[in-house]
Amino acid sequence: MTENNEKYLFFSDLDDTLLTFDKKVSPKTHEALKRFVERGNSFIICSGRGLDSALCVQKELGLEFPGTYIAAYNGCQIYDCDAKKTIFKVGLPLDIVREIFKMAEEYGVYVHTYNDEYILCGKDDEEIQDYRKVVKTPVIISPDPLEYLDSDPCKVICIELHDHEKQERFRNAVASRYGEIIDTMYSSAYYLELIPKGYGKGTAVRTLAEMLGVPISRTIAAGDAENDNSMLKAAGLGICMLNGSEGTKASADVITTLDNNHDGLVEFLDRY
């Protein structure tokens, strides 16, 4: 087993990075991850998904390796899978979240947030139905979904399936009003993520590396979308998938030669 100052930490996004387009981990990539961990390194799922959803993916796809962590909600909650406990969490102020929900109504866009067990939304719209094709977390639909929060939620997500310009108007309004409190970024063409200012996947890399006593130079991060950019910049090696966005490619140190459907991460996992 390696010492902490000799081990590597591999932070990986899930959708369109580690996972294929049909939401699986290929046998070849799974074996490469297994070898990586067996050499004394640690694997960290670093996703925009909530903790419940990330844990489901971990279990269903056989990613329960020793020493694994989950950085959920774009890194705003870090969970120690071995100890089964949260070791870091930051949230958006509840009063601001309530204002965001009001703004969403004004701009005609769908938003939801989360508590520890449920997705919380105001209407059973097309957007939540589409979202739950992938994310199986149960939903509470209520005229006042925020009454089911007893602490500050890690993020709010805005989903718009048809009118990106409308979503951008909402994003600009949020940034104009709450730019000192909230960061906004896309995790896909349809998902706009709202998280506490100054946090994100890059913070997760730095925070967990410090907690574990691992130098940043021995951290690796892989992603494909805008919400991954801070992680790729923070890590010792930032990897963008061949199928990634142009902005994310520009944030990376290297770009895979194969996409997420063709084991693009294997060559890097086998180096460490």
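Summary table
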{"quantity": "Unsatisfied cross-links (Cα-Cα over 29 Å) in the set LYS28/LYS166; LYS23/LYS102; LYS84/LYS133", "calculated": "LYS28/LYS166; LYS23/LYS102"}
{"quantity": "Per-peptide average of other Cβ atoms within 10 Å, ordering 90-98, 41-49 highest first", "calculated": "41-49, 90-98"}
{"quantity": "GluC sites (Glu not before Pro) lying in DSSP loop within the range 31-95, provided at most 15 other Cβ fall within 10 Å", "calculated": "GLU64"}
{"quantity": "Phi-based couplings in Hz for the range 233-246 (Karplus 6.51, -1.76, 1.60; Gly and Pro marked x)", "calculated": "6, 6, 6, x, 10, x, 10, 9, 5, 4, 7, x, 6, 5"}
{"quantity": "Interchain or long-range residues, amide H under 5 Å from LYS197's placed H", "calculated": "ILE182, ASP183"}
{"quantity": "Size-normalised alpha-carbon gyration radius of the range 94-196, reference 2.2 N^0.38 Å", "calculated": "0.98"}
{"quantity": "Residues whose placed amide H lies under 5 Å from that of PHE65, excluding near-sequence neighbours", "calculated": "none"}
{"quantity": "Hull volume in cubic angstrom per residue (convex hull over the Cα atoms of the range 50-95)", "calculated": "70"}
{"quantity": "Max mean-square fluctuation residue, GNM over the chain, Cα-Cα springs under 10 Å, options VAL25, VAL109, VAL134", "calculated": "VAL134"}
{"quantity": "The chain: most fluctuating residue of ASN74, ASN260, ASN172 per GNM, C-alpha cutoff 10 Å", "calculated": "ASN172"}
{"quantity": "25 Å Cα-Cα reach of LYS85 towards lysines, excluding residues that sit fewer than 8 places from it in its own chain", "calculated": "LYS7, LYS34, LYS59, LYS136, LYS155, LYS197, LYS201"}
{"quantity": "Farthest toward positive dipole pole in the chain [+1 Lys/Arg, -1 Asp/Glu at C-beta], among SER176, THR113, ILE78", "calculated": "ILE78"}
{"quantity": "Protection proxy ranking, peptides 239-247, 142-150, average beta carbon neighbours within 10 Å, highest first", "calculated": "239-247, 142-150"}
{"quantity": "Sequence-distant residues sharing a close amide H with GLY50 (under 5 Å, placed H)", "calculated": "TYR73"}
{"quantity": "Projected area averaged over orientations for the chain, convex hull of C-alpha atoms, nm²", "calculated": "13.1"}
{"quantity": "³J(HN,Hα), Karplus 6.51/-1.76/1.60, whole Hz, each residue of the range 28-44, x for Gly, Pro", "calculated": "5, 5, 4, 5, 5, 4, 4, 5, 4, 6, 5, 7, x, 8, 10, 10, 10"}
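Just so you know, all these numbers are worked out from the coordinates, no wet-lab data involved. Here the structure is a predicted model, which means the values were calculated and not measured. Here the Cβ is made from the backbone with ideal geometry for all residues, glycine too, and neighbour counts use every protein chain on show.
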